[in-house]
Structures are given as structure tokens and as C-alpha cells.
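A.B. asks: Got a structure here, written out as C-alpha cells. Questions coming.
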Amino acid sequence: MKKNKLLTIMLIILVSITLIGVVALVVVTQLSKDGGANAEPSIDEIIEQSVDVPEISTNLNDRRYVKLSLKIQTDSKEAAEELTKRDFQIKDILVEVLSDMSSKDLQGTKGKELLTNALKAKFNGLMQNGEVQKVYITSFAVS
């Protein structure tokens, strides 16, 4: 009788340890998957989630003009599709923002950073599905 009771206790302990091990394995696996979600997207994902804005020419407020083209990176493929459909609104915002700037405002790295940050904020104001992550200037000339 005593041996039977001891065997039952050992079996319960063994099953408990196995169950704890399985639960720990599942938790660790789930945590490692979540860590991968916060990782930077690959270049293929960035391209898939980006929209090209073809070269546009417009006047600046100091009677000069600028020619530039952009690549707009979004947070999802669906957001990129929405942005593609809103191309006329994107161009309107681009003309609007640039018409308030002078050639001096666009000089150097800080000038271009000022432009891309202003465009990103305005573009995000349009978006219903997702958001703009970054605006890249792919060509730029002031005359």
C-alpha cells in the first residue's frame, strides 16, 4: 500500500515537471515571435510598402523653382495601395508645402529634413489605413 502511494506521488511530480516545461517552452517561443515583429523590415518589404512620386516641378516663394521626386515608405502594403490611389492629393500637398518655402529653406541637410518632416506630417493627415514611416527625396534640383 505504501509503495503504491509513493509511486503515485512520484508520477504526479513527474507529470507536473513535464507540464511546467511545456508551458515554459510555449511562452519562450511566443516571446521570440513578438521580438521579431519589432525588427526592422527587410529591403524587399520596404519596397513593397513604398510609393514612388514621379518628378514634379513647382515654383518656390522666391521666384525660383524646384524639381524633385520622392519615395514614400508606409507601414503596410495596404497603406501603400491607399497612397497610390491618393496620388493627386500627394501632389497637391507637395505643391502647397513647396510654394511656402524658399530656395534658402531647402538648402543643406536641414532644409531637406524640414521638407521631408513637413510632408510626412501632411501625408499622415490623409491616411486612413496605416501611416507614412519615412519620405525619401530621390532627386532634387533648385533653379
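Nothing in this text is a laboratory measurement; each read-out follows from the coordinates by a stated rule. All values reported here derive from a predicted model rather than from experimental measurement. Please note: Cβ atoms are built from the backbone with ideal geometry, for glycine as well, and neighbour counts cover all protein chains shown.
A.B. asks: To make sure I understand the rule: partners must be lysines, Cα under 22 Å from the Cα of residue 112, and not fewer than 8 residues away in the same chain. Which ones qualify?
C.D. replies: Result set, ordered by chain and number: 67, 71, 91, 104, 120, 122, 134.
A.B. asks: Hey, another quick one. Within the stretch 120-143, whose backbone N sits under 11 Å from a point 7 Å along Cα→Cβ of residue 103?
C.D. replies: Counting backbone N atoms under 11 Å from the label point, the list is 142-143.
A.B. asks: Neighbouring Cβ atoms within 10 Å as the yardstick, rank 74, 29, 138 fewest first.
C.D. replies: Ordered from fewest to most neighbouring Cβ atoms within 10 Å, 74, 29, 138 come out as 29, 138, 74.
A.B. asks: Amide H neighbours of residue 50 under 5 Å, counting only residues 5+ apart in sequence or on other chains, H built in-plane at 1.01 Å?
C.D. replies: 74
A.B. asks: For the chain, build the charge dipole from Cβ charges (+1 Lys, Arg; -1 Asp, Glu) around the Cα centre, then report which of 15, 59, 89 sits farthest towards its positive end.
C.D. replies: Highest projection toward the positive end goes to 15.
A.B. asks: Given a Förster radius of 41 Å and the C-beta distance between residue 131 and residue 24 as r, what FRET efficiency does 1/(1 + (r/R0)^6) yield to the nearest 0.05?
C.D. replies: E(calc), rounded to 0.05, equals 0.65.
A.B. asks: With n ≥ 4 as the cut-off for DSSP H runs, can you work out [θ] at 222 nm for the chain, using -39500 (n - 2.57) per run divided by the number of residues, rounded to the nearest 500?
C.D. replies: After summing the helix terms and dividing by the residues of the chain, the value is -19500 deg cm²/dmol.
A.B. asks: For the stretch 110-120, in order, what is each residue's ³J(HN,Hα) by Karplus, 6.51 cos²θ - 1.76 cosθ + 1.60 with θ = phi - 60°, in whole Hz (x at glycine and Pro)?
C.D. replies: Each residue of the stretch 110-120 in turn: 5, x, 6, 5, 4, 5, 5, 5, 5, 5, 4 Hz.
A.B. asks: OK, next. Which ³J(HN,Hα) values, rounded to whole Hz and listed in residue order, are derived for the stretch 26-31 from phi using the Karplus coefficients 6.51, -1.76 and 1.60 in 6.51 cos²θ - 1.76 cosθ + 1.60 with θ = phi - 60°, glycine and proline given as x?
C.D. replies: Using θ = phi - 60°, the values come out as 5, 4, 4, 5, 5, 5 Hz.
A.B. asks: Per residue of the stretch 124-137, in order, report the coupling 6.51 cos²θ - 1.76 cosθ + 1.60 (Karplus, θ = phi - 60°) as ³J(HN,Hα) in whole Hz, putting x for Gly and Pro.
C.D. replies: Working through the residues one at a time gives 5, x, 7, 5, 10, 10, x, 8, 7, 8, 7, 10, 9, 8 Hz.
A.B. asks: Something else: Please list, ordered by chain and number, the residues whose modelled amide H lies under 5 Å from the amide H of residue 101; skip anything fewer than 5 residues away on the same chain.
C.D. replies: Distant-sequence amide H within range of residue 101: 61.
A.B. asks: Taking amide H positions as placed 1.01 Å from N in the peptide plane, with prolines and chain starts having none, which residues 5 or more places from residue 127, or on another chain, fall under 5 Å of its amide H?
C.D. replies: The answer is none.
A.B. asks: Counting pairs of alpha carbon atoms under 8 Å apart in space and at least six apart in sequence, what relative contact order in percent does the chain give?
C.D. replies: 27
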